[in-house]
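Comments concern the structure below.
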Amino acid sequence: MLLAIDTSTGTSVAVVDHDGGVLAERSTDDPMRHAEVIGTFIRDALAESGAAPADLSGVAAGMGPGPYTGLRVGIAAAHAFAIGIGRPFVPVPSHDAIAWSWYRAGGSGPVQVVTDARRRESAVSEFDGLDGDGLPSRLAGPALFPRDAVPDGRGTRHEASIVHAGAVGMLAELAFAASRLPLAADEPLYLRAPDVTPSAGKPVLR
């Protein structure tokens with residue numbers, strides 16, 4: 001059983017189980033309220049699922065792509081929760097979770113996943129079905145493009161305003177069962193350099 005968190009677009013928290021599926025999920029596609037709602041969502045998802053922190057085998061987090069401000073909230077919360085319960089942190093690419101949900105809902109063939117990267121830009125990845133372990137087969141991306149100049153993909157374009165944490169968690173469960181972890185590096189996928197860079201500093205006068 002896993003706690004799963006994603007804040008790459010809106011905010012989503014879920015409790016999942018490999019055999020039982022998504023046991024509880026709380027989500028909003030509001031891209032500005034991550035810090036305000038994430039604590040409540042974690043509390044409510046655990047309560048609805050009937051899971052105590054000690055019942056969890058790990059904490060999965062969507063690693064983006066996503067804007068810096070929002071993405072770091074979910075990743076930091078997932079890291080802190082994993083440390084607090086002494087369980088592994090499991091990074092998952094957020095676009096893979098979107099693709100997995102799309103295929104599970106009946107989609108077929110290549111799909112181009114598109115999410116809002118702010119500043120009139122979009123983050124784009126391409127996939128072609130699920131492999132033998134039930135994980136999305138990535139063709140390209142993630143990459144950043146101007147919102148009005150996203151290139152045509154090799155199949156259906158799917159624009160998503162929310163990454164469901166239930167999908168993030170189920171991907172982690174499937175990957176664990178197939179001995180395919182980690183699915184991503186433990187580094188956020190920002191795709192854009194931060195606005196603020198460290199100062200070069202000033203010489204110290206003696």
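The set of residues in the stretch 34-66 that are touching a strand residue (DSSP E or B) at 6+ places or on another chain (Cβ under 7 Å) and among the polar types (S, T, N, Q) comprises S49, S57.
The residue of the stretch 106-131 that is modelled with the lowest pLDDT, among those that are of a type in the set (G, A, S) and in a strand (DSSP E or B), is A117. For residues in the stretch 175-190 being touching a helix residue (DSSP H, G or I) at 6+ places or on another chain (Cβ under 7 Å) and crowded, with 20+ Cβ neighbours inside 10 Å, which is nearest to L71 (Cα to Cα)? Of everything passing the filter in the stretch 175-190, P188 is nearest to L71 (Cα to Cα).
For the stretch 25-50, the tally of residues that are more than 23 Å from T115 (Cα to Cα) and surrounded by fewer than 19 Cβ atoms within 10 Å (Cβ to Cβ) stands at 7. Scan the stretch 147-170 and tell me whether some residue there is surrounded by 14 or more Cβ atoms within 10 Å (Cβ to Cβ), hydrophobic (A, V, I, L, M, F, W, C), over 30 Å from G58 (Cβ atoms) and at pLDDT 95 or above. Yes, the stretch 147-170 contains at least one residue that is surrounded by 14 or more Cβ atoms within 10 Å (Cβ to Cβ), hydrophobic (A, V, I, L, M, F, W, C), over 30 Å from G58 (Cβ atoms) and at pLDDT 95 or above. The number of residues in the stretch 111-154 being within 23 Å of A178 (Cα to Cα) and over 20 Å from the mean Cα position of the chain (by Cα) comes to 1. If you check S122, S94 for being in contact with an Asp or Glu (Cβ under 8 Å, 6 or more places away or on another chain) and either under 19 Å from H34 (Cβ atoms) or acidic (D, E) (or both), only one passes: S94. Filtering the stretch 1-53 to residues that are over 15 Å from V168 (Cα atoms), among the hydrophobic types (A, V, I, L, M, F, W, C) and outside any helix (DSSP H, G or I) leaves M32, A51, A52.
The values are calculated or read from the model by the stated rules, or taken from the named source; none is laboratory data. Note that this is a predicted model, so its numbers are computed, not measured. A quick note on method: Cβ atoms are made from the backbone with ideal geometry, for glycine too, and the neighbour counts reach across all protein chains shown.
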